[in-house]
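Encoded as structure tokens, the structure appears first; notes follow it.
The values are calculated or read from the model by the stated rules, or taken from the named source; none is laboratory data. Since the model is a prediction, treat every value here as computed from it, not as a measurement. Here the Cβ positions follow ideal geometry from the backbone for every residue, glycine too, while neighbour counts run over all protein chains shown.
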Amino acid sequence: MNEQMALEPIGKNEYELFFGPAHPGSGNFSVKLKVDGERIISARADPGYLHRGFEKLMEYRLPIQNAVLSDRICIFEALNWNLIHAEAVDELMGIEIPERAKYIRVIMAELSRIQSHIIWYGVFSIGTGFDTGFKMAFGYRDYILDLFEMITGGRVYPTGYICPGGVRRDIPEGSEEKILGVLNKIDEMVKLEMMGNPALLSRVKDIGILKLSDAIRLGATGPVLRASGMKSDVRKNDPYEVYDRFDFEVPVSNEGDAYARYMIGIEEIKQSISIIKQALKELPDGDFVAKEFKKPKLNIKIPEGEVYVRNEISRGEAGMYMVSDGGTTPYRVKIRGPSFLHMIPVLEFLLRGSQIADVPAIYWSLNICPADLDR
Amino acid sequence: MRDLESENELLEDISARFDTDGWVQRERRVWVKVSKENLISMCKYLKETGFEHLSAISVTDWLKDGEFELTYHLWSYERKTLLTIKTRIDRENPIAPSVSPIWSRNAQVHEREMHEMFGVEFEGNDDLAPLFLEDWQGPPPFRKDFDWREYARKEYYNKDNEREAVYYE
Amino acid sequence: MKKESPKKRKMKRIIKAIWIFNWFNSCGFAELVPVVGSRWDMERFGMIVTGTPRHADVLFIAGYQTPKSIKRAQRIYEQMPEPKVVIALGSCTMTGGMYWDSYNTIKRLDDYLPVTMYIPGCPPRPEAVFEACAKIFKHVEEMS
């Protein structure tokens, strides 16, 4: 294994263990653990392997350039971050988006959410030793990536498809049937998964229990909060785009352990499939981009003001605070990622008192993306 | 477009208790300005009336005014409203009171990041160790007077290399 | 028939299978992992991912590097046994790419590690990764 052990005896059986980035059970994060035998006494998170200073990079670029850069905030849900940036610029400039563009944006965002949950399911399986689940997940995910390539042009990075003003180009002819075909395949995968796997169950049940009062105090959002008992979803409480017109449920559980978070992820895939089907049925005709942006202009001035946009991405609540002082580039952009609070307060809190062997299961059940933590 | 009754009520309630300047931007968004001295008492009151989720803490560097502006974005699950508090502190000597006694580790880790990126001191925060950067000797990176392009040209690129000459234009 | 040196004969036997150690940051993760998955199956060519650098022949560096993470990559490179090969994946890894003006990314990977193969792209397609691995087999043969 690749933990670099610094054997400094602290107590009788205590030592410090560096659970580092090259461990096969972890991602690009590392945690310094104080361990007594097999039990963890305390943990300290050590982020920063991916820090590029994203927020200040956006201050040097025009909004049309930022639209392409914004999908690289977190590769797993590139279209969702594209959407947040586009909403922030639209609200600052006061542009009215045509209806067809709003529906297309919702369809792409939900497809991206399904794809991100499939990755979660895949790496969660590999983290707990269930290799078949991993291979199955990444096989099914490729259907969605083919759809993305057909509509936006890129497999994982959609090249700024959702840009301020609407979307870059219309969905091609015949894509509605293709989308429905892919959704049927994903339905199959979810049915296979819901049958339950006793080996996986015993490894993740009752591990990493987070009570509701702790979850709110430490700032958890998204599936982590819903698994602890609070029914809250930004799409229902603070609706954006056209989410208030769709009929979908928000799955909640009262257990708060790793298994509950994992089952909520699977349930959300089903709800996303239902939203996409409703959106495809109601898709109106019309323009796909606002009138002001029909002929692309480079140096548009952003009016003075500030705005805070909140969206629900697959990991939790994402926010973007944008300030403009009347120039062509934004003056300050603050990106709030859900993984920032899930890794530092929540993970350190959950690791106290658990065993070393459970660290991958707890980490992957929180669904942390190191890129939107470090930015 | 529904009427903004609950947002206006919230704004009136806060303005009656504290000396503030506020406005309602649209549904579910209320913005309030407050001075540094009244910040903690206002935050305590807001936490008691239901604003239990601190979404983000951010700092904006107004170089021309010589001030840093701190913004706190608070969300209430019951009222379903986002309230943003803005306050200004001096840029040469940036000291602000910490809200970690009120919102616990959530606020503490946000302030730790702002301390590293802007150099703001938060009194009452017990852990302001560097978070992302290892062995960083330069100035706080996100301040407006630290030009990144100049830094990258000096530190990383070489003008004589023909492939990299394009970065010097 | 030209007499082959004993070392070359030994190399030809070894390079039937290559073991890879992945050192991926962000972007590399999402494009390298499907290469191992069921659609673009890498195992049929004899390439397996291992968990420890002591068993690996190839170090795959994918994704932009920061000063903090390149130090770990160098330590891993030193732990690998000879013969070893480094492959760099993605344009941000090799030249800084889109983050050319960031204060915390590495702009020239050659200054830190001896790279054998470069795969450009943002991100490169899985077919490009295959072509690179096929060329690696030839390179290891010619290295002796």
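For this structure, a couple of remarks:
- Taken together, the criteria exclude residue A:187 from residues that are part of a helix (DSSP H, G or I), more than 17 Å from the chain's Cα centre (by Cα), touching a residue at least 40 places away in the same chain (Cβ under 8 Å) and within 22 Å of residue A:318 (Cα to Cα).
- Members of the stretch A:113-130 that are surrounded by 22 or more Cβ atoms within 10 Å (Cβ to Cβ) and out of contact with any Phe, Trp or Tyr (no Cβ under 8 Å at 6 or more places or on another chain): A:113, A:114, A:117
- Filter result for residue B:72 (more than 14 Å from chain A (Cβ to nearest Cβ) and out of contact with any helix residue (DSSP H, G or I) (no Cβ under 6 Å at 6 or more places or on another chain)): no
- You will find that of B:129, B:152, the residue that is out of contact with any Gly (no Cβ under 7 Å at 6 or more places or on another chain), surrounded by 13 or more Cβ atoms within 10 Å (Cβ to Cβ) and either at pLDDT 85 or above or part of a helix (DSSP H, G or I) (or both) is B:152 and no other.
- Residues located in the stretch A:230-248, provided they are in a helix (DSSP H, G or I), surrounded by fewer than 18 Cβ atoms within 10 Å (Cβ to Cβ) and touching a residue at least 24 places away in the same chain (Cβ under 8 Å): A:245
- Taken across the stretch B:43-54, residues that are within 11 Å of another protein chain (Cβ to nearest Cβ) and at positive phi do not occur at all.
- Residue A:208, sole failed condition from (1) modelled with pLDDT under 90; (2) over 30 Å from residue A:180 (Cβ atoms); (3) in contact with a helix residue (DSSP H, G or I) (Cβ under 7 Å, 6 or more places away or on another chain); (4) not in a loop (DSSP other than H, G, I, E, B): (4)
- Single residue of the stretch A:331-350 satisfying the filter (facing another protein chain (nearest Cβ under 7 Å) and surrounded by fewer than 23 Cβ atoms within 10 Å (Cβ to Cβ)) that is modelled with the lowest pLDDT: A:345
- Test for residue A:314: is it surrounded by 23 or more Cβ atoms within 10 Å (Cβ to Cβ), within 14 Å of chain B (Cβ to nearest Cβ), of a type in the set (S, T, N, Q) and in contact with a helix residue (DSSP H, G or I) (Cβ under 8 Å, 6 or more places away or on another chain): no
- Residue within the stretch A:87-108 that is within 11 Å of chain C (Cβ to nearest Cβ), outside any loop (DSSP other than H, G, I, E, B) and within 24 Å of residue A:301 (Cβ to Cβ) present: no
- A single entry from B:122, B:142 fulfils the requirement of being at pLDDT 85 or above, outside any helix (DSSP H, G or I) and either within 22 Å of residue C:65 (Cα to Cα) or among the hydroxyl-bearing types (Ser, Thr, Tyr) (or both): B:142.
- Filtering A:157, A:140 for residues that are assigned to a helix (DSSP H, G or I), of a type in the set (Phe, Trp, Tyr) and surrounded by 22 or more Cβ atoms within 10 Å (Cβ to Cβ) leaves a single hit, A:140.
- Hits in the stretch A:143-154 - residues which are part of a loop (DSSP other than H, G, I, E, B) and either facing chain C (nearest Cβ under 10 Å) or surrounded by fewer than 20 Cβ atoms within 10 Å (Cβ to Cβ) (or both): A:153, A:154
- Filter result (of a type in the set (S, T, N, Q) and either in a loop (DSSP other than H, G, I, E, B) or closer than 13 Å to residue B:103 by Cβ (or both)) within the stretch B:44-62: B:49, B:55
- Within the stretch B:48-88, tally of residues that are touching an Asp or Glu at 6+ places or on another chain (Cβ under 7 Å), at pLDDT below 90 and β-branched (Val, Ile, Thr): 1
- Some residue of the stretch A:166-181 being modelled with pLDDT of 85 or more and within 14 Å of chain C (Cβ to nearest Cβ): no
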